[in-house]
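What follows is one structure encoded as structure tokens, with my remarks underneath.
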Amino acid sequence: MNIILVLLICMALAGLWAVMTSLLLRAAIALALTSAILTIIMFRLGAPLAGVFELSVCAGLISVVFISVISLTHRLPLQEYLKRRQSRISRFIFLPFILLAAVIIIFFIHKPILVTLPAMGTITEVRSVMWDVRRLDLFGQIMVLLAGVYGVLILFKGRQ
Amino acid sequence: MSYLFILVPFLLLLILNLFPQRKMEAIAFWTCMLVFSGQALFAFFCVFSRWNIYWPEALLGFNLYFDRLALFLLFTVGLVGAVAMLVGHFTIKYEHERFNFKNLMLVSLIGINGIAMVRDLFTLYLFIEVTAIATFILIALQRDRFAIEGVLKYLILSVVATTLMLSSIALFLLFAGGLSFPALRAAVNASGGNFLILSAIALFLCGLFIKGGLFPFHGWLPDAYTAAPASVSVFLAGIVTKASGIFALTRFLTSVTGFSPPIKSILLLVGALSVVTGALAAIGQKDIKRMLAYSSISQMGYIILGLGAGTKLGIFAALFHFLNHALFKGQLFVNAAAVEEQVGSRDMQKMGGLAQNMPITGTTALLASLSAAGIPPLAGFWSKLFIIMALWLTGNYTYAIIAVLASVITLGYFLALQRQVFFGKIREELCNIREANIYVVLPAVILSFLTVFIGLCFPLVMRLIIR
């Protein structure tokens, strides 16, 4: 089987784990795992710089932010946790059927998409695009991160 | 020049946070007021000047473009932001919360100014996100249970919108090889109805509909508007939702896709359903802010109907209603803030006859309600008239009739609001109520004045805008 396909399935499973788990910390770890697998896929597809960004920002920085926020929360009492976990599992009862239906639909309607992909850029070109052409995007991303961190600080600081 | 609209708020944000909060309280308030009102005044004089104001600039590598549409949003955000700052100064009790409010308002300003001036789909998306994140925190600023619930609904639907928009951007990038508006326009024109390009357009439209709180993606809006602090509600209803949803949609349609018949059909359908759903849901609401929130869905539906006409008149009418809605809905939320602050409740059933003790709030609320219902000669009348004319002239008679009938419903629920809150004899327990603080009364008077002025001097305003 194609290694990319295996990685994609692993990534989907890690994503599902992130959504289904009832513990925030496990969800954050599962999300980091999803990003790490995506990084491997990007490296295999010949986009190392995108892979590095994915690993450093999504698997690294975002996980740190998530874990910092989770460290500011309190654990539920055990009885409450078990009760909520039970109700969470019942929410996903139809998920296997939906996934199966999606696989069947994709299998039958799958057609090759004819698009002309742009030529693969070199790392220098990517850097030039990031810094020269998309500098405003970098500024925007800094603002997104700044606002996010500021939000965490003011919403959780001094919270009982 | 255009990069200053991004850099000035950013530098102010940095400077304000370099010094201790207590020493900076008054300075922070007045400098933020100066930035917001200065931006509104600058944009106002640019719109009404004879300058050639198409200024593409690439200083600092920031590819921003300055045109009349951008100036229109810059003016509106400056005006509504200044009003929200004044209201926040009065209604937010704790010093640290006021300071955080100012910081987040500056981040929102950067986001909305970016939305106004960019010409690239990914950059547009990024600035929508900057605005959204600042708004999430603003709504939850006071950290009560309802605020957290409201912001969670907004956050979850925003994540869906983000996923849709990013998927759309990926598809566009695949086909066009770039994301600048001219490149995308060329790719859309050359696509010949390609399924994936159509999917990309549909995904981006759905994302913007969620951001704009339009039917059937409006579930988050009433809770977010109601749960937010009073000043944040003014900003949210006055400009944020419209900038992230409606303005971005207008830019996307005019610069990328154009108004093809399927797009017009979708816009008309979504617009009409939003107009009717919002108006019907507003009837019978007991919470004054919740009623205004549902009314906002309805009024944004009118803007989409104007865009759905797909003509120059329709686009003009939609943008004009955009401005009018920012004025009268911003003002109604200011009035709601005044009432909530003085009465201590938002439940309209506990009110009555407040106009006796709060004459300025009562009068300005009446003017804004009449403008929202499209009563002549107020500003809302003209924009609704032009939307209906645009629909009628393009043969969309059913939608034009729906727009007229929904306007009657709007008049009905706003008169019910006036009767329950302001008209009649004042309740005994409310006899000691006094007019709200100047920080709330002044913005209401300014916005009322603008609503009346634009309505009475409409031919002059229209001639200047169209020029």
Kindly list, by first and then second residue, each pair from a residue in region B:363-376 that is in contact (Cβ under 8 Å) with a residue 60 or more places away in the chain and assigned to a loop (DSSP other than H, G, I, E, B) to a residue that is of a type in the set (Gly, Ala, Ser) and open to solvent by less than 10 Å² (accessible area, probe 1.4 Å), limited to pairs with Cβ atoms under 9 Å and residues at least 6 apart or on different chains.
B:Pro376/B:Gly455
Do you know which residues across region A:66-82 are open to solvent by 50 Å² or more (accessible area, probe 1.4 Å), of a type outside the set (Phe, Trp, Tyr) and assigned to a helix (DSSP H, G or I)?
A:Ile67, A:Ser68, A:Ser71, A:Leu78, A:Gln79, A:Glu80, A:Leu82
Does B:Phe215 satisfy the condition of being outside any helix (DSSP H, G or I) and of a type in the set (A, V, I, L, M, F, W, C)?
yes
Please verify whether B:Ala444 is out of contact with any strand residue (DSSP E or B) (no Cβ under 7 Å at 6 or more places or on another chain) and assigned to a loop (DSSP other than H, G, I, E, B), treating the condition exactly as stated.
no
Only listed residue being aromatic (Phe, Trp, Tyr) and over 29 Å from B:Glu340 (Cα atoms), chosen from B:Phe72, B:Phe146, B:Phe90
B:Phe72
Is it fair to say A:Ser22 is surrounded by 13 or more Cβ atoms within 10 Å (Cβ to Cβ), outside any helix (DSSP H, G or I) and outside the structural domain of A:Met130 (by TED's automatic domain parsing)?
yes
Note down all Cβ pairs under 9 Å where the first residue falls in region A:68-81 and is touching a residue at least 40 places away in the same chain (Cβ under 8 Å), the second is exposed (fewer than 11 other Cβ atoms within 10 Å of the Cβ), and they're at least six residues apart or on different chains.
A:Leu72/A:Lys157; A:Leu72/A:Arg159; A:Tyr81/A:Arg75
Can you run down the residue pairs with Cβ atoms below 6 Å, 6 or more apart or on separate chains, where the first is in region B:153-168 and at negative phi and the partner is open to solvent by 20 Å² or more (accessible area, probe 1.4 Å)?
B:Lys153/B:Asp223; B:Leu155/B:Phe136; B:Leu164/B:Leu203; B:Leu164/B:Cys206; B:Met165/B:Tyr125; B:Ser167/B:Leu203; B:Ser168/B:Leu203
Inside region B:112-121, the number of residues satisfying the requirement of being more than 10 Å from every other protein chain (Cβ to nearest Cβ) and either modelled with pLDDT under 90 or open to solvent by 10 Å² or more (accessible area, probe 1.4 Å) (or both) is 1
The residue that is farthest from the other protein chains (Cβ to nearest Cβ), considering only those in region B:186-216 that are open to solvent by 50 Å² or more (accessible area, probe 1.4 Å), modelled with pLDDT of 85 or more and farther than 16 Å from B:Phe259 by Cβ, is B:Phe215
Out of the residues in region B:151-166 that are within 14 Å of chain A (Cβ to nearest Cβ) and out of contact with any Phe, Trp or Tyr (no Cβ under 6 Å at 6 or more places or on another chain), which is surrounded by the most Cβ atoms within 10 Å (Cβ to Cβ)?
B:Ser158
Residues that are over 23 Å from B:Arg346 (Cβ atoms) and charged (D, E, K, R), drawn from region B:140-193:
B:Arg185
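Listed here are the residues, each with its yes/no results for (1) surrounded by fewer than 23 Cβ atoms within 10 Å (Cβ to Cβ); (2) more than 18 Å from the chain's Cα centre (by Cα); (3) assigned to a loop (DSSP other than H, G, I, E, B).
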{"position": "B:Ile246", "(1), (2), (3)": "no, no, no"}
{"position": "B:Phe252", "(1), (2), (3)": "yes, no, no"}
{"position": "B:Ile263", "(1), (2), (3)": "yes, yes, no"}
{"position": "B:Ile266", "(1), (2), (3)": "yes, yes, no"}
{"position": "B:Gly271", "(1), (2), (3)": "no, no, no"}
{"position": "B:Val275", "(1), (2), (3)": "no, no, no"}
{"position": "B:Gln285", "(1), (2), (3)": "yes, yes, yes"}
{"position": "B:Ala293", "(1), (2), (3)": "no, no, no"}
Of the residues in region B:407-441 that are open to solvent by less than 30 Å² (accessible area, probe 1.4 Å) and in a loop (DSSP other than H, G, I, E, B), the one that is farthest from B:Leu385 (Cα to Cα) is B:Ile433
Name the residue, out of B:Lys312, B:Lys289, that is surrounded by fewer than 24 Cβ atoms within 10 Å (Cβ to Cβ), over 20 Å from B:Pro216 (Cα atoms) and under 19 Å from the mean Cα position of the chain (by Cα).
B:Lys289
When B:Met348 is run through (1) farther than 15 Å from B:Leu249 by Cβ; (2) surrounded by 24 or more Cβ atoms within 10 Å (Cβ to Cβ), the failure sits at (2)
Wholly within region A:87-160, which helices (runs of 4 or more DSSP H) include no fewer than the required count, namely at least 2 residues that are out of contact with any Gly (no Cβ under 6 Å at 6 or more places or on another chain), more than 7 Å from every other protein chain (Cβ to nearest Cβ) and at pLDDT 75 or above?
A:95-109, A:135-156
With the checklist (1) within 21 Å of A:Leu146 (Cα to Cα); (2) within 12 Å of another protein chain (Cβ to nearest Cβ); (3) assigned to a helix (DSSP H, G or I) in hand, flag the one item B:Gln142 doesn't pass.
(3)
From the options B:Val83, B:Val107, residue that is in contact (Cβ under 8 Å) with a residue 60 or more places away in the chain and closer than 23 Å to B:Ala436 by Cα:
B:Val83
Single match in B:Ile128, B:Ile148 (criterion: at the interface with another protein chain (Cβ under 10 Å from one of its Cβ atoms), closer than 21 Å to A:Leu145 by Cα and surrounded by fewer than 20 Cβ atoms within 10 Å (Cβ to Cβ)):
B:Ile148
So is B:Leu109 part of a helix (DSSP H, G or I), facing chain A (nearest Cβ under 9 Å) and either under 30 Å from B:Arg68 (Cβ atoms) or open to solvent by less than 40 Å² (accessible area, probe 1.4 Å) (or both) or not?
no
Can you go through B:Gly395, B:Gly352 and tell me which one is within 30 Å of B:Pro262 (Cβ to Cβ) and part of a loop (DSSP other than H, G, I, E, B)?
B:Gly395
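The values are calculated or read from the model by the stated rules, or taken from the named source; none is laboratory data. Everything numeric here is computed off the predicted structure, so don't read it as measured data. For neighbour counting, all protein chains shown are included, and Cβ atoms are generated from backbone atoms with ideal geometry for every residue, glycine included. The accessibility values were calculated without ligands, DNA or RNA, using every heavy atom of the protein model including side chains. Shrake-Rupley method; radii C 1.70, N 1.55, O 1.52, S 1.80 Å.
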